[in-house]
Every structure is written in C-alpha cells, then in structure tokens.
1. 5 Å is the cut-off here: which amide hydrogens, built 1.01 Å from N in the peptide plane, fall below it relative to residue D:2, excluding neighbours closer than 5 in sequence?
2. Translational diffusion coefficient of the stretch A:2-133 at 37 °C, 0.692 mPa s, Stokes-Einstein with Kirkwood Rh over Cα pairs, in µm²/s as a whole number.
3. Do any chymotrypsin sites (Phe, Trp or Tyr not before Pro) in the stretch B:15-64 lie in a loop, going by DSSP, with at most 16 other beta-carbon atoms within 10 Å of their beta carbon, and if so which?
4. Label position 7 Å from Cα toward Cβ: report the copy-to-copy distances for residue A:107 in nm, one decimal, ordered from shortest.
5. Convex hull over the Cα atoms of the stretch A:26-100, averaged projected area in nm²?
6. Hey, what do the phi angles of the stretch B:70-76 turn into as Karplus ³J(HN,Hα) couplings, whole Hz, using 6.51/-1.76/1.60 and θ = phi - 60°, x for Gly and Pro?
7. Please give the calculated 222 nm ellipticity per residue for chain F, where each DSSP H segment of at least 4 residues contributes -39500 (n - 2.57) and the sum is spread over every residue; nearest 500 deg cm²/dmol?
8. Along its three principal axes, how long is the protein assembly as shown when you only count alpha carbons? Whole Å, largest extent first please.
Protein chains: 6
Amino acid sequence: MKVAVFRKEHFNAAHRLNNPKWTEEENREVFGKCNNPNFHGHNYELIVKVTGETDPDTGYVMDMKVLSDLIKERVLDRFDHKNLNLDTKEFSNLNPTAENIAVVIFNLLRGEIDPDKELKIKLYETERNYVEYPA
Amino acid sequence: MKVAVFRKEHFNAAHRLNNPKWTEEENREVFGKCNNPNFHGHNYELIVKVTGETDPDTGYVMDMKVLSDLIKERVLDRFDHKNLNLDTKEFSNLNPTAENIAVVIFNLLRGEIDPDKELKIKLYETERNYVEYPA
Amino acid sequence: MKVAVFRKEHFNAAHRLNNPKWTEEENREVFGKCNNPNFHGHNYELIVKVTGETDPDTGYVMDMKVLSDLIKERVLDRFDHKNLNLDTKEFSNLNPTAENIAVVIFNLLRGEIDPDKELKIKLYETERNYVEYPA
Amino acid sequence: MKVAVFRKEHFNAAHRLNNPKWTEEENREVFGKCNNPNFHGHNYELIVKVTGETDPDTGYVMDMKVLSDLIKERVLDRFDHKNLNLDTKEFSNLNPTAENIAVVIFNLLRGEIDPDKELKIKLYETERNYVEYPA
Amino acid sequence: MKVAVFRKEHFNAAHRLNNPKWTEEENREVFGKCNNPNFHGHNYELIVKVTGETDPDTGYVMDMKVLSDLIKERVLDRFDHKNLNLDTKEFSNLNPTAENIAVVIFNLLRGEIDPDKELKIKLYETERNYVEYPA
Amino acid sequence: MKVAVFRKEHFNAAHRLNNPKWTEEENREVFGKCNNPNFHGHNYELIVKVTGETDPDTGYVMDMKVLSDLIKERVLDRFDHKNLNLDTKEFSNLNPTAENIAVVIFNLLRGEIDPDKELKIKLYETERNYVEYPA
C-alpha cells in the first residue's frame, strides 16, 4: 500500500478577481469586494501532497527537504509578495481564483515530481475558504 | 480534472446522547458523560466540501458567498444556539451523535447544490473528535 | 526574574445566559440567542497561568502534572459535560458568562496554589470570544 | 479585580511598504519584498481586548455582539478587501506596517469604547509576525 | 453510505534517521540534521480514521472512548516519551521516518478494529510535515 | 506609547529531565516519563517579543527579517535537531525544563537587542504546556 506525504508552505500575494469580457457592473455583481480595482490580498497556505511507494533504503516517499526546495523554486519565488494579476505571466490572462491558482501550482510542480507519484494541491485562501486539486 | 472547494462555518449547540429504547443504566453505560440528563454542549466546526468543474467565466466551482449563505439558511439558523434534542425536529427522534448530525446536514444541503456536484460534510464536535460523510 | 507556566485543558458544557430579575423580553433583548431557554453549549478551552520563581532543584515553577491533576479535580470534574445552570451550585445564582466562569475557576484554584505564586485564568468560549482574569 | 474580554475578527488587504522620502534603492534595501511596487497582501487577524469591571446585571465587561459590530463598522468596512495605500485615507501618508496599522485601529476604536475601560489591539500580519499596541 | 470518524491523540518521542548499511557520510548527506547521532525529537500528532456503517442503536460508527483507549494501549504506551530507535522493538531495525511510523501504527491497530471497518492513519511530525497511510 | 512585535520560530530537539544530585528513583518519581534515560523530544515553538518605540522612518519597532535572522543564528543553529543534554554546553549542567530553556534563550538574545527595547520569550514545549520569561 502507498503512503502520502504532505508539505505545508505559504506565500503572501495581492490579487483581484475580474473577467475582462464583462462590464464593470457585471464584475462587481459577481465578484463583490474581491473585484476591488486596487486589489486586496491574502496569506496563502499551500499544502502539497505526494503519494507513492516508500523507498526501502531511506524510508521516504520523497525527501521533504527536496520537496520544500522545489516548492520554493517553482511556486514561492514566482508568487510570494507579488501581485498575481500584474506581476505574473500565469495570471495575466487567467482570473486568480483559489481554484485557478491551485491548478496553476499543480502544473508548475507536476513535471518536477516522479511521474509514478500522484500529486495533489490544497490551497487555503483564508482559514474558511480553501480548495483542492485534483479533487 | 475536477476541483473541490471548502467552506468552514460553525455553530454552538447543546445536546444529550440517549437511546429511549434503553434503560437509564444502559444509556449511562454506553454514552457515559454524554448521557447527562441536563445536556452539555459543543462548538461545532462545520466544513462543507463541493466538488465539480470550474466555471470558465468565473473561475469558481461555486461562489463561496452563495455557499456560505446557503449553509447559514439551511443549517446555522436551524441549529446555532439551540438544544439539538429539544429545539429541532431533526433530532427529536434521532440521537444527535456527530455521525448523525453530519448525515442530517448533508441531507439539508444536498437538494440545494447542483446535482452535478459532489457534496461532503466534515463536522468537528471537538478538536479531537470529528466525522466525515459520506466517507 | 520570575517565569510563568501555562497549562491548557478543556471541558464541554451547556449553559444559558439569563437574569432572573428581568422579564423574558428584556433577557432576549440583552442576551439574544444566548438566552435560548433550552440552553446551548460550548467547548471551553481553559488556560491556567502560574507565575513564580523556578525551583533550582527541579527547574520547575510548578510540576505541570500536578497542575493538570489539580485542574481536573477542582474544575473539569465539576463542569465537564454538565449544564452549568442546572448541574452546578456555582452558577445556580450566577449568570454563566465567560467573565463569571473565569472568576469562579480562579476562586476554585486560588487556594490550591502556593500563595507566593500568581494565578491567572484565560477562558475561550469560542475561538473568537475569550476572557482573562485577573486582567 | 478587572476582567479582560477579547474579540477576534479578520480582514484581507493589499499593501506596500515604502518611504516616499527615500530613493527606490533605499526602499528596496530596507523593505525587501514588502516594497514590491504592485503590492502584495495579507489575511490580517485582529484581536481587540477590552478590560474593565464586570457589570453585575449582565455578567459582561462588554457585550461581544456590540464590540463585534463596532469593529465591523469602524475597522472592517474601512480596510477589508482594500488596498491600504491607495484606498484608505489613514495610510495615504503613513507606511502600513503592522505597527502602524495597530495604532490606527486603536485610534479608530478608542473613542467608541467606554473611557473607563482599557483597550489593546493585537494584529497578526502572518501567523509568524504580529504586533500589540499599546505594549 | 458510510461515515468516517476521526480521533486525534499525540505522543512525544526522540528519534534519529539512519541507514546502518550506509557510511556515516552517506547518512549525513541523505538525512542531514535528522541524522544527528544523539537524536532529536518531535511532538507527534496522530489522527486515526475509522470508516464504516453507523450502528442504528448508538448512532456511532465506533465509540470514540473505546478508540481512544485502544490508541493509548497499543500506541501511546509504547511510543510516548520514548526514544524510538533505542526503546522500541518496532524501530530497532526500521528507520523511524514518519512514513514508517505511520505504517507501524496502522499494523498495531488493524487487528483491534472490526475488519468490516476501514482504517487510516495520519501522522504529523511537525505542523509542516505529515503523512497518511494507506494513501 | 510603545508597540510590541512578535516573531514565531520553531526547533525540534531531544531532551531528558534529570537532577544528577538525586538517585535514579528520586528522578523517576519527580520527572516521571520525562526522565526516560534514552531521551524523548519536542517540537518547540518559540515566540520572541520585542517592545519599543516605532521608528518614524520605517514604521518598524524592529525589522522582523533582522529579528528572524538573529533567532536563527543565536538559537536555532544551536538547538535545532539537537539533544539538549548531550549536544549543547548550555544544558550540560542545567536541567532542560521549558522554564530553563526560556531563560537560556532570553540570555542568548538579550545582548543582541537594543538595550532600550524590552525582550520577552514564550516557549511552547507542547500545545498544552508552555512558559514565558520574564513573567
């Protein structure tokens, strides 16, 4: 049977929810306070789950130091203390909802993790709102 | 691949565990302190998980404001600051264990959520005891 | 300089806020949902702080096992899984607000702790509402 | 002896640390990533502490519902889902460090709280960085 | 549909990660600080999940008091305040990584739980590193 | 009025409580499981509080990055992933109780912090046992 390992990291970012195909009024109606033109922000808590066989020599599914460094390099250096809409190419044309951020992070990490291992992303936008991908 | 979104809410309630088909002694033996005739209570932490496709226009699986309002209307207004045994019809004939409360909350919400989306309930009775339905 | 030590415990209880000198209407107006006649309840988190000199032989201000046993005996056995209004003599004539519960717990413990040591009580009624005595 | 009561609330905001009297280079050197011109953001957790005598009729130092409404009206409606630098007059000429935000919140609330009661503000910028005013 | 119940417990232990088939240098390179010859330690948070049908008479999947006692007897009495490498037979020849500890705990409990019920172990080594078995 | 700033860090360590002037039996009686000869361990959560005037140019009482680096250099590099009794000179002749560890950390940091600023240490040995120095 397989074991899952989890590593928790965090980053802080500004964002704004907006659909450029809609009018200002439609955006305000759908996204409410999250549509504020000057942005707002969050402390994002990110949990990366990797599932696979335990290596009999190390007793590890994956070295947590390696996973932590990978998250830092691929995700935190890109999004931490940034404005997701203005400072990143990933969200220049994609609405930075928690759902979309989780999918983007999955795609940034998927190629770096052994393909025999499953990957899952959990992202807390606030303590009360969070998402998981794939579900 | 689908995304899951989670919304955390809470309510405070009194309850008592008791099976009316049993003697007082049997109830005390099975339910211990939770059988106290004058009730005790909890801060219930409720996590509602909805799984589905992300809407390409909004980037949302479901608007968290809509989900939060729905939980308030269907669950919190019914159970918050109530005595589950005495003040609610749901538990007038059903033992209000965490397991049963989770199933009742699932049923209260299931009809209100898009049938294409999966629904799951997590309910913390205390920080150390909690349940999930469906498992 | 002195050191403070803290021990965290918890108990679950039902209660109702009510002033018997007031009309039902006045009570509902002041205490709102907390006045529900059939009670509601909480997971109370209790933090007991004891401040004093460190004993040079043990390196302890106070043995946490002793403090934990004392809290169990004097507080938890009295209030855990109880209805504060109906099952305890302490609140038969005293409104069980968090403020009053903290003062009662202070008085239950004060005589059991070395008088050279300071005692302070922190009581969480919910994660968002809590009190401290003495302030 | 007095009792202290605490109410926890939260708001999400974007901000940027910057001193307009300094060069861009000086600002980058002092404020690092927090100087990002396009802002970043946080989930601010706010704890308001009020200390005073318990009212013998209510058992309250202060009604937590009243305090919560006051915080909402004076603080959250002003700062939640806002850009502190661009959307608020309080920080149009004041660097929005956690220290300064705590002092501003103290001043917004001080006049609304009974002058016989002490007021203290705790503000979490992240789980690992927080401030208290007055100390 | 089935319900899952969760019980959270904890234990404190010392351990050292080491593979006796490797040189000291290889061990230091792979396990880093966790290879410290004199050990280090953790507060392990353990969550045991049991999934099954709810008993119609009790409203329980499993009595949490029974599950808690079982965890105490089979797991905590064995590992709490121990050196996993030196004081336990389970890890005398097995590297005490979080992955391996979770598998060992699963095996210690599996025979004690009704075979119709599923068992899953979650083990937090730190707040930021944790594992789940089976995945 | 002054502002206090707090920085939270953590380290993992093994330790054993023991008084070399006592017999083995006396040590077992006083320190119980914490006297285990082969050590046990904890995830220590450390909160460093610095109180002073806010610098009008930065809006900082103290740069949290500087404080974090200082804690790393003076405390974490010394104690993280170590056996406090065997690997450190600070506890070679001092019983590593939470009280004593907090005093040692205070002394390691005091000389590095501006003497006009107050310093206070909070140390969590577990979520339920913690200390503060000076009290």
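1. Here the answer is C:135, since their amide H atoms fall under 5 Å of that of residue D:2.
2. Numbers: Rh = 15.8 Å.
Answer, rounded: 207 µm²/s.
3. Loop-located and lightly packed - B:22.
4. Spelled out, the distances from residue A:107's label point are 4.3, 4.3, 4.6, 5.7, 6.5 nm.
5. So the mean shadow area of the Cα hull is 6.6 nm².
6. Here the 3J(HN,Hα) series is 5, 5, 4, 5, 8, 10, 5 Hz.
7. Working: 4 runs with 33 residues, N = 135.
Helix-only estimate at 222 nm: -6500 deg cm²/dmol.
8. 76, 68, 57
The values are calculated or read from the model by the stated rules, or taken from the named source; none is laboratory data. This structure is a prediction, so every number in the text was calculated from the model and none was measured. Here Cβ is always computed from backbone atoms with ideal geometry, including for glycine, and neighbour counts include all displayed protein chains. These accessible areas exclude ligands, DNA and RNA; they are computed on the full protein's heavy atoms, side chains included. Shrake-Rupley method; radii C 1.70, N 1.55, O 1.52, S 1.80 Å.
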